[in-house]
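Below is one structure, written out as structure tokens, with a few remarks after it.
The values are calculated or read from the model by the stated rules, or taken from the named source; none is laboratory data. Model, not experiment: these values are computed from the prediction. So basically every Cβ, Gly included, is an ideal-geometry build from the backbone, and we count neighbours across all protein chains shown. Quick note on the areas: whole protein, heavy atoms, side chains included, nothing else; ligands and nucleic acids left out. Shrake-Rupley method; radii C 1.70, N 1.55, O 1.52, S 1.80 Å.
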Amino acid sequence: MTDTPQITDSHCHLDFPDFDGQLPDIIARAADAGVTRMVTICTKMRNLDAVRAIAEAHDPVFFAAGTHPMSAAAEPLVSVDTLLALTEHPKMVGIGETGLDYHYTADSAEIQKTSLRNHIEAARQSGLPLIIHARDADDDMAAILSEEHRKGPYSCVMHCFSSSQALGRAALDLGFYLSMSGITAFPKSGELRDIFAAAPVERILVETDAPYLAPPPQRGKRNEPAFTAHTARRAAETFGMEYAAFAAQTQANFDRLFTKVAAYESAA
């Protein structure tokens with residue numbers, strides 16, 4: 001055991017080909033950096049078996065499952081019952097990622113909305129947090145999240161948040177969390193850092209979205225969970241906190257949102 005502050009990579013994609021045959025080394029490097037837990041995300045239900053197998057094979061890895069909005073038109077519509085059945089697995093800890101993406105796939109907006117509402121209902125019924133991807137869809141996203149929350153509460157994290165201040169505020173007002181990716185450490189991301197700095201630090205998570213969006217000084221390289229530490233150190237500066245205190249805060253935040261992870265670790 002080292003004195004390195006512990007943090008959690010709340011969102012990565014360890015089933016992607018970028019990591020084939022390398023997971024033991026990747027997980028070991030993460031541990032050396034203080035990243036002692038990670039949530040790997042299934043974005044297409046046909047990839048579920050591979051994602052689940054990674055979580056089963058590696059103690060620090062948990063998983064979430066859903067249909068990414070950019071795949072909503074090409075994949076079968078996932079039902080609420082299907083998602084709820086998956087939550088019986090002890091390491092299935094979140095619903096998604098789901099959401100709206102109008103940057104590349106605006107033509108499938110209506111099926112994206114239907115898929116999103118199914119995921120929200122599964123999150124509401126299961127008590128597991130919803131994991132949201134939002135790109136160029138701020139108005140519709142805020143409207144649906146708010147409308148659905150009025151029907152019955154659910155918990156949620158805005159993964160890799162890089163949207164407007166208005167969407168960030170709408171999410172925070174609903175009691176949701178914002179997750180800081182490597183984008184928040186980019187030199188030109190000052191406006192985004194300002195949005196986070198105005199948020200309660202009790203609602204902040206950190207992530208990689210690996211293999212994408214590696215933070216400085218690894219920018220341009222394949223991202224991996226160990227690099228969460230670079231993002232978190234820059235994030236600590238955003239909040240004017242010592243790194244150890246910020247790391248401890250984000251751990252508490254993660255445990256509060258992803259309650260099933262803490263329960264799993266307590267039972268282990």
Among the residues of region 30-47 satisfying the criterion of being within 21 Å of residue 77 (Cα to Cα) and part of a loop (DSSP other than H, G, I, E, B), which is least open to solvent (accessible area, probe 1.4 Å)?
-> 43
State whether the residues of region 84-95 include one that is open to solvent by 10 Å² or more (accessible area, probe 1.4 Å), of a type in the set (Ser, Thr, Tyr) and closer than 20 Å to residue 158 by Cβ.
-> no
Options 152, 182, 190; residue that is under 29 Å from residue 58 (Cα atoms) and modelled with pLDDT of 95 or more | 182
Of all residues in region 121-139 being without any contact (Cβ under 8 Å) to a residue 40 or more places away in the chain and assigned to a helix (DSSP H, G or I), the one that is nearest to residue 39 (Cα to Cα) = 123
Only unsatisfied item for residue 205, checking (1) among the hydrophobic types (A, V, I, L, M, F, W, C); (2) within 17 Å of the chain's Cα centre (by Cα); (3) part of a helix (DSSP H, G or I), is (3)
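Hey, can you tell me all the residues within region 145-168 that are of a type in the set (Gly, Ala, Ser) and either under 21 Å from residue 109 (Cα atoms) or surrounded by 22 or more Cβ atoms within 10 Å (Cβ to Cβ) (or both)? Give the derivation first.
As a first pass, look at region 145-168 and keep what is of a type in the set (Gly, Ala, Ser): 146, 152, 155, 162-164, 166, 168.
Answer for region 145-168, where residues must be of a type in the set (Gly, Ala, Ser) and either under 21 Å from residue 109 (Cα atoms) or surrounded by 22 or more Cβ atoms within 10 Å (Cβ to Cβ) (or both): 146, 162, 163, 164, 166, 168.
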Only one of 142, 171, 197 is among the small types (Gly, Ala, Ser), buried (at least 22 other Cβ atoms within 10 Å of the Cβ), free of Cβ contacts under 8 Å to residues at least 60 places away in the same chain and touching a helix residue (DSSP H, G or I) at 6+ places or on another chain (Cβ under 8 Å); which?
-> 171
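Please tell me if residue 247 is open to solvent by less than 40 Å² (accessible area, probe 1.4 Å), within 18 Å of residue 12 (Cβ to Cβ) and part of a helix (DSSP H, G or I).
Values: open to solvent by less than 40 Å² (accessible area, probe 1.4 Å): yes; within 18 Å of residue 12 (Cβ to Cβ): yes; part of a helix (DSSP H, G or I): yes.
Yes; evaluated as a whole, the condition is true for this residue.
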Residue set 50, 64, 55; condition out of contact with any Phe, Trp or Tyr (no Cβ under 6 Å at 6 or more places or on another chain) and either outside any strand (DSSP E or B) or open to solvent by 20 Å² or more (accessible area, probe 1.4 Å) (or both); output residue 50
Is it the case that some residue within region 174-186 is assigned to a loop (DSSP other than H, G, I, E, B), under 13 Å from the mean Cα position of the chain (by Cα) and of a type in the set (Ser, Thr, Tyr)?
-> yes
Restricting attention to region 211-228, and to residues there that are in a loop (DSSP other than H, G, I, E, B) and of a type in the set (S, T, N, Q), which single residue is surrounded by the fewest Cβ atoms within 10 Å (Cβ to Cβ)?
-> 218
